[in-house]
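Trainee: I have a structure I would like to understand better, so I am pasting it below and will then ask my questions one at a time.
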Amino acid sequence: MLRRTVTAVLAALTLAGIAGCSDEQPRATASPSTSPSPTASPVVAGPPWYDEVAPAAAAGELGDKASPCPMELIFSVPAKWRAKAVKNGRDAAIGGAVPVCEIDAKPAGHLGFLRAWKADAPGNQQEVMDKFLDAYGEVTDRQYRRTKAGPLDAFEATFVAESGTHERAILVSTIWGRFLLTLGGADDAEHQAMLPAYQLAKQTAKNNRNWE
């Protein structure tokens with residue numbers, strides 16, 4: 001859950017070069033809430049990763065210039081999730097990440113959002129993720145791993161936000177730069193109910209090769 005101040009900014013906005021290659025070496029930070037250096041993603045059932053959760057059925061695709069959120073990253077979203085581009089996103093930047101698209105789960109019956117952020121901060125994958133999470137709020141229980149978002153190299157985090165709710169973030173390396181996809185919900189029940197949408201976005205992520 002975003003800090004109250006940032007949440008207010010995003011709500012006012014209707015929120016109602018390339019890095020992260022496989023040879024990067026993730027580091028363990030000094031924070032006691034940070035896990036040891038991650039490895040390649042295994043298949044993990046249950047908390048905190050819930051890899052057994054199947055992706056939702058795709059009902060639309062974001063990223064194309066004709067979509068509600070034109071951007072360099074393309075991914076699919078489920079039915080009824082309402083996407084809207086974030087205007088003046090730099091006013092709501094967090095830790096060097098600028099929100100570019102927010103997908104509201106409320107029309108699908110859930111309280112939460114899937115957000116896409118342009119993450120151009122310098123540093124390796126874990127440094128960029130840490131910078132974002134450090135600015136996000138009082139984040140605890142961080143766990144990291146290398147993984148894939150579709151065919152793209154990615155770096156994923158699971159953590160507990162200031163509200164006490166589990167949330168997810170994945171840093172995706174595209175040919176145009178890095179993007180963050182984040183999932184936040186009202187509580188842990190909503191978080192788990194929205195995981196299929198997050199898994200769909202993660203598994204369908206790809207470069208927008210028509211971007212210019």
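The values are calculated or read from the model by the stated rules, or taken from the named source; none is laboratory data. None of the values given here were measured: they were computed from a predicted structure. We place every Cβ from the backbone using ideal geometry, glycine too, and count neighbours over all the protein chains shown. With ligands, DNA and RNA removed, areas are computed over all heavy atoms of the protein, side chains included. Shrake-Rupley method; radii C 1.70, N 1.55, O 1.52, S 1.80 Å.
Trainee: Identify the residue in segment 140-180 that is within 18 Å of PRO99 (Cα to Cα) and among the basic types (Lys, Arg) and, among all such residues, is surrounded by the most Cβ atoms within 10 Å (Cβ to Cβ).
Mentor: Among them, the one singled out is ARG178.
Matching residues to (1) under 12 Å from the mean Cα position of the chain (by Cα); (2) of a type outside the set (Asp, Glu):
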position	(1), (2)
LEU171	yes, yes
TRP176	no, yes
PHE179	yes, yes
LEU183	yes, yes
ASP187	no, no
PRO196	no, yes
GLU212	no, no
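Trainee: Scan segment 189-196 and tell me whether some residue there is within 27 Å of ARG90 (Cβ to Cβ) and modelled with pLDDT under 95.
Mentor: no
Trainee: Within segment 155-170, which residues are β-branched (Val, Ile, Thr) and not in a strand (DSSP E or B)?
Mentor: Passing the criteria: only THR165.
Trainee: Please go through segment 99-113 and give me each residue that is crowded, with 19+ Cβ neighbours inside 10 Å and aliphatic (A, V, I, L, M), ordered by number.
Mentor: Those that are crowded, with 19+ Cβ neighbours inside 10 Å and aliphatic (A, V, I, L, M): VAL100, ILE103, ALA105, ALA108.
Trainee: Confirm whether ASP130 is open to solvent by 30 Å² or more (accessible area, probe 1.4 Å) and of a type outside the set (Phe, Trp, Tyr).
Mentor: No: the conditions fail for ASP130.
Trainee: Another one. Is it fair to say GLN192 is surrounded by fewer than 17 Cβ atoms within 10 Å (Cβ to Cβ) and in a helix (DSSP H, G or I)?
Mentor: Yes; evaluated as a whole, the condition is true for this residue.
Trainee: Has segment 199-206 got at least one residue that is more than 16 Å from ALA54 (Cα to Cα), under 15 Å from the mean Cα position of the chain (by Cα) and open to solvent by 10 Å² or more (accessible area, probe 1.4 Å)?
Mentor: Yes - at least one qualifying residue is present in segment 199-206.
Trainee: Identify all residues within segment 98-143 that are part of a strand (DSSP E or B) and hydroxyl-bearing (Ser, Thr, Tyr); write none if there are none.
Mentor: Scanning segment 98-143 gives a single hit, THR140.
Trainee: Now for a different question. Going by the structure shown, is ALA116 modelled with pLDDT of 95 or more, within 21 Å of GLU162 (Cα to Cα) and open to solvent by less than 10 Å² (accessible area, probe 1.4 Å)?
Mentor: yes
Trainee: Inspect segment 107-120 for any residue being farther than 22 Å from GLN203 by Cα and out of contact with any strand residue (DSSP E or B) (no Cβ under 9 Å at 6 or more places or on another chain) and give the result as yes or no.
Mentor: For segment 107-120, residues farther than 22 Å from GLN203 by Cα and out of contact with any strand residue (DSSP E or B) (no Cβ under 9 Å at 6 or more places or on another chain): present.
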